[in-house]
1. So which residues in the range 83-135 are under 13 Å from Tyr67 (Cα atoms), open to solvent by 40 Å² or more (accessible area, probe 1.4 Å) and in contact with a strand residue (DSSP E or B) (Cβ under 6 Å, 6 or more places away or on another chain), if there are any at all?
2. From (1) modelled with pLDDT under 85; (2) outside any helix (DSSP H, G or I); (3) among the hydroxyl-bearing types (Ser, Thr, Tyr), pick out the condition that doesn't hold for Thr95.
3. I want to confirm something. Restricting to the range 42-54 and keeping residues that are under 15 Å from Thr65 (Cβ atoms) and under 15 Å from the mean Cα position of the chain (by Cα), which single residue is most open to solvent (accessible area, probe 1.4 Å)?
4. Only one of these conditions is not met by Lys73: (1) part of a loop (DSSP other than H, G, I, E, B); (2) in contact with a helix residue (DSSP H, G or I) (Cβ under 7 Å, 6 or more places away or on another chain). Which number is it?
5. Which of (1) modelled with pLDDT of 90 or more; (2) open to solvent by less than 30 Å² (accessible area, probe 1.4 Å) does Pro80 not meet, given it meets every other one?
6. Out of the range 55-77, which residues are among the aromatic types (Phe, Trp, Tyr) and open to solvent by less than 20 Å² (accessible area, probe 1.4 Å)?
7. Give me the pairs: first residue in the range 36-52 and closer than 15 Å to Ser109 by Cα, second residue β-branched (Val, Ile, Thr) and surrounded by fewer than 20 Cβ atoms within 10 Å (Cβ to Cβ), beta-carbon distance under 6 Å, and six or more apart or on different chains, which are they?
8. Contact list please: Cβ distance under 7 Å, first residue in the range 116-133 and in a helix (DSSP H, G or I), second residue open to solvent by less than 100 Å² (accessible area, probe 1.4 Å), pairs at least six apart or on different chains.
Amino acid sequence: MEQFDKTKNTFLLVMSKTSRWGIQSWKLSEFFPKDWINEKWNNGYRITSLAYANGEWVVVMNQNTGYGEQRWKTYNSEIPKEWIEQNWNEDYSITSANYGNGLWAVTMSTESQLGLQSWKTLSEYPLEYIKEKSN
């Protein structure tokens, strides 16, 4: 699952018949599914997507993602900037992030092949920031 459009009250779901990733599992839950994530990690799954909509979290996990170790953090109200910066310094990259019901959820992974990252939080679409960073 990719995104929830609040203005239209609809989900955008992307599904593929073939994927570079292996077996997929997902969890829909009113609360962030911490125990389920840990159970899946123990079976070789990695978080590939996070979303929050209509009062529920959706977490998608896949096997054979190519990601190394993962860490995740949930944080009330503000994005956990210091935690992200600390993990960047340890060669982790942000591989998923979402906000819902007053809670940020961020996943960081090693071996993601993503390179240098930055982020910006705005209430409107950050077109100028994207243009600036793309140059």
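1. The answer is Leu114, and nothing else.
2. Among (1) modelled with pLDDT under 85; (2) outside any helix (DSSP H, G or I); (3) among the hydroxyl-bearing types (Ser, Thr, Tyr), Thr95 violates only (1).
3. Among those residues, the one meeting the criterion is Arg46.
4. Of everything listed in (1) part of a loop (DSSP other than H, G, I, E, B); (2) in contact with a helix residue (DSSP H, G or I) (Cβ under 7 Å, 6 or more places away or on another chain), Lys73 misses just condition (1).
5. Looking at each condition in turn, Pro80 falls short on (1).
6. Correct list: Trp57 only.
7. Partner pairs satisfying both residue conditions: Thr48/Val60; Ser49/Val60.
8. Lys133/Ser118
The values are calculated or read from the model by the stated rules, or taken from the named source; none is laboratory data. Only a predicted model underlies this, so the values are computations on that prediction, with no experimental measurement involved. Please note: Cβ atoms are built from the backbone with ideal geometry, for glycine as well, and neighbour counts cover all protein chains shown. Heads up: the accessible areas ignore ligands, DNA and RNA and are worked out on the full protein's heavy atoms, side chains in. Shrake-Rupley method; radii C 1.70, N 1.55, O 1.52, S 1.80 Å.
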